[in-house]
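The values are calculated or read from the model by the stated rules, or taken from the named source; none is laboratory data. Owing to the predicted nature of the structure, the values given are computational and were not obtained by experimental measurement. So basically every Cβ, Gly included, is an ideal-geometry build from the backbone, and we count neighbours across all protein chains shown.
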Amino acid sequence: MLGEYPIKGRRASEIAADIERAVGSGHLPPGSALPPLRELAGGLGVNPNTVAAAYRLLRDRGVIETAGRKGSRVRPRPVTTPRDEVRIPVPPGARDLSDGNPDPALLPALGPALAAAAGGEPVLYGHPTADPGLLALARASFEADGAPPGALAVCSGSLDTIERALTVRLRPGDPVAVEDPGWGSLLDLLAALGLKPVPVRMDDEGPLPVEVANALALGARCLIVTSRAQNPTGAALGAARAAALREVIAAHPDILLVEDDHGHGMVDLPFQSLAAGPDGVPLTDHRLLVRSAAKAYGPDLRLSVAVGDEDTVGRILGRQRLAAGWVSHLLQRTVAELWRTDAAPVAEVAAAYHGRREALLSALAARGIAARGRSGLNVWVPVPDETAAAAGLVQRGWVPAAGARFRLHSAPGLRLTVATLEAAEAVRLAEDVAEVLAAGRGGSRPV
């Protein structure tokens with residue numbers, strides 16, 4: 001049944017696992033229709049309720065989707081094929097602008113910080129799970145940026161923190177308001193957790209307030225906002241936009257508010273908190289502000305610090321103790337040492353990335369192409385046909401990231417990582433983008 005692939009299993013878990021293996025191996029490609037419940041149940045000799053339970057497991061895992069009378073089919077982007085693994089091959093000699101990595105030359109030397117971290121006392125079972133020095137630095141940073149006080153948690157990166165928060169506060173099927181276009185890994189995570197993304201349109205200053213209001217009115221139980229260096233568009237919250245969003249959020253105090261400030265330490269725009277009003281009182285009962293070390297200090301430093309309400313953070317830490325236990329204190333002390341000693345170069349790093357973005361944006365604008373990139377490592381170029389535009393750039397020696405990795409309902413585009421792009425390269429890249437669009441293999445339009 002289902003073409004050449006014979007689904008197997010007697011129990012719901014076995015049937016679900018067999019279908020998921022087939023999706024992961026490519027035997028059931030995205031979009032494949034699954035048999036009706038009764039048809040599959042008859043073929044396997046099981047009760048239709050068993051197949052229904054299997055399909056429910058697969059929906060909760062983000063592998064399949066159901067469209068009423070149209071039946072169930074493999075999702076266009078099943079969680080067994082993460083978006084970040086769907087990349088355009090990089091031909092020999094081509095310039096890879098798709099990876100989203102920071103510039104290695106702008107990352108601090110880790111040797112001295114690691115040596116200082118290794119000089120501390122060994123951490124044993126029963127010791128505090130978080131390094132006091134790191135917590136003190138994080139608390140001071142959060143307070144300086146106007147975040148409401150709360151409990152602190154140390155996790156293994158932004159996505160790890162967000163996953164833990166979603167797991168302890170939401171249930172499969174709950175709607176979550178997310179930026180569109182937005183972080184592909186986050187969209188994959190929502191699917192894996194069985195959560196329903198509610199796309200929120202945005203511009204250079206972040207989510208549009210009316211879109212957020214609509215999403216929350218539709219029942220979204222969580223709002224996730226990237227404060228600065230939004231991936232893929234480079235959007236960053238301004239003061240006026242943040243104030244407008246706070247008004248919307250204040251009308252929904254029961255939601256979980258997640259602020260992702262992964263750009264901390266490598267952007268030149270001030271942080272704008274959404275969590276509290278002018279009086280400093282939190283706007284929601286449940287909130288979390290996350291800052292990671294990946295972009296400022298390197299992706300291999302898998303560490304983030306978050307501040308949030310006591311209940312949410314307490315649940316996160318409780319689940320963490322049952323699983324990973326804690327984040328390596330060697331990593332925690334290393335990040336704390338970098339935080340203490342690397343404060344001065346932050347402005348230099350931010351200025352370097354700002355200059356590289358502006359070089360490309362200006363070169364594109366001079367050729368009539370309206371791209372976006374207010375902060376961070378990337379520039380977003382709207383196009384009407386991602387496949388054709390990407391192919392045209394690859395032919396000219398540039399490998400972009402296709403916007404499909406980041407989009408739900410928003411218009412097509414390409415993400416160009418400019419972290420290592422030199423000024424001369426920016427001019428040449430802009431000329432090639434203009435040629436591709438002028439040749440009719442793509443075109444610029446607003447999103």
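Is there any pair linking a residue in the stretch 134-157 that is of a type outside the set (A, V, I, L, M, F, W, C) to one that is surrounded by 16 or more Cβ atoms within 10 Å (Cβ to Cβ) and assigned to a strand (DSSP E or B), with Cβ under 7 Å and at least six apart or on different chains, and which?
Partner pairs satisfying both residue conditions: ARG139/LEU152; PRO148/ALA276; PRO148/PRO282; GLY150/VAL307; GLY150/GLY308; GLY157/SER292; GLY157/SER304.
Filtering the stretch 404-426 down to residues that are hydrophobic (A, V, I, L, M, F, W, C) and buried (at least 17 other Cβ atoms within 10 Å of the Cβ), which residue is modelled with the lowest pLDDT?
ALA404
Looking only at the stretch 299-316, which residues are of a type outside the set (D, E, K, R) and either part of a strand (DSSP E or B) or within 19 Å of LEU137 (Cα to Cα) (or both)?
LEU301, LEU303, SER304, VAL305, ALA306, VAL307, GLY308, VAL313
Restricting the first residue to the stretch 194-216 and requiring it to be under 13 Å from SER410 (Cα atoms) and without any contact (Cβ under 8 Å) to a residue 40 or more places away in the chain, which pairs with a second residue that is in a helix (DSSP H, G or I) and of a type outside the set (A, V, I, L, M) meet a Cβ separation below 6 Å and a spacing of at least six or different chains?
Hits for this filter: VAL200/GLU211.
Out of VAL154, VAL63, I need the residue that is buried (at least 21 other Cβ atoms within 10 Å of the Cβ) and either modelled with pLDDT of 95 or more or out of contact with any helix residue (DSSP H, G or I) (no Cβ under 9 Å at 6 or more places or on another chain) (or both). Which one?
Going through VAL154, VAL63 in turn, just one is buried (at least 21 other Cβ atoms within 10 Å of the Cβ) and either modelled with pLDDT of 95 or more or out of contact with any helix residue (DSSP H, G or I) (no Cβ under 9 Å at 6 or more places or on another chain) (or both): VAL154.
Kindly indicate whether ARG169 is in contact with a His (Cβ under 8 Å, 6 or more places away or on another chain), over 20 Å from ALA296 (Cβ atoms) and surrounded by 15 or more Cβ atoms within 10 Å (Cβ to Cβ).
Answer is yes for this residue.
Can you tell me which residue in the stretch 109-118 is nearest to LEU338 (Cα to Cα), limited to those that are out of contact with any Gly (no Cβ under 8 Å at 6 or more places or on another chain) and surrounded by 15 or more Cβ atoms within 10 Å (Cβ to Cβ)?
Here the residue is ALA113.
Among the residues of the stretch 327-341, how many are of a type outside the set (Ser, Thr, Tyr) and assigned to a loop (DSSP other than H, G, I, E, B)?
The qualifying residues number 1.
How many residues are part of a loop (DSSP other than H, G, I, E, B) and of a type in the set (A, V, I, L, M, F, W, C) when one looks only at the stretch 95-151?
Here the count works out to 8.
Which condition does LEU364 not pass, out of (1) touching a Ser or Thr at 6+ places or on another chain (Cβ under 9 Å); (2) loosely packed, with under 14 Cβ neighbours inside 10 Å, if it passes all the others?
It fails just one condition, (2).
Out of (1) in contact with a strand residue (DSSP E or B) (Cβ under 9 Å, 6 or more places away or on another chain); (2) at pLDDT 95 or above, the odd one out for GLY368 is which?
(1)
For the condition at pLDDT 95 or above and under 20 Å from ARG169 (Cα atoms), what is the one hit in ARG287, ARG241, ARG246, ARG228?
Going through ARG287, ARG241, ARG246, ARG228 in turn, the sole match is ARG287.
Just name the residue that is farthest from ASP254 (Cα to Cα) out of those in the stretch 205-221 that are crowded, with 16+ Cβ neighbours inside 10 Å and in contact with a Pro (Cβ under 7 Å, 6 or more places away or on another chain).
ALA220
Quick check, is LEU216 modelled with pLDDT under 95 and touching a helix residue (DSSP H, G or I) at 6+ places or on another chain (Cβ under 9 Å)?
no
I'd like the full set of residues that are within 15 Å of LEU330 (Cβ to Cβ), surrounded by 16 or more Cβ atoms within 10 Å (Cβ to Cβ) and not small (Gly, Ala, Ser), limited to the stretch 119-140.
Once the filter is applied, which keeps residues that are within 15 Å of LEU330 (Cβ to Cβ), surrounded by 16 or more Cβ atoms within 10 Å (Cβ to Cβ) and not small (Gly, Ala, Ser), the stretch 119-140 yields VAL123, THR129, ASP131, LEU134.
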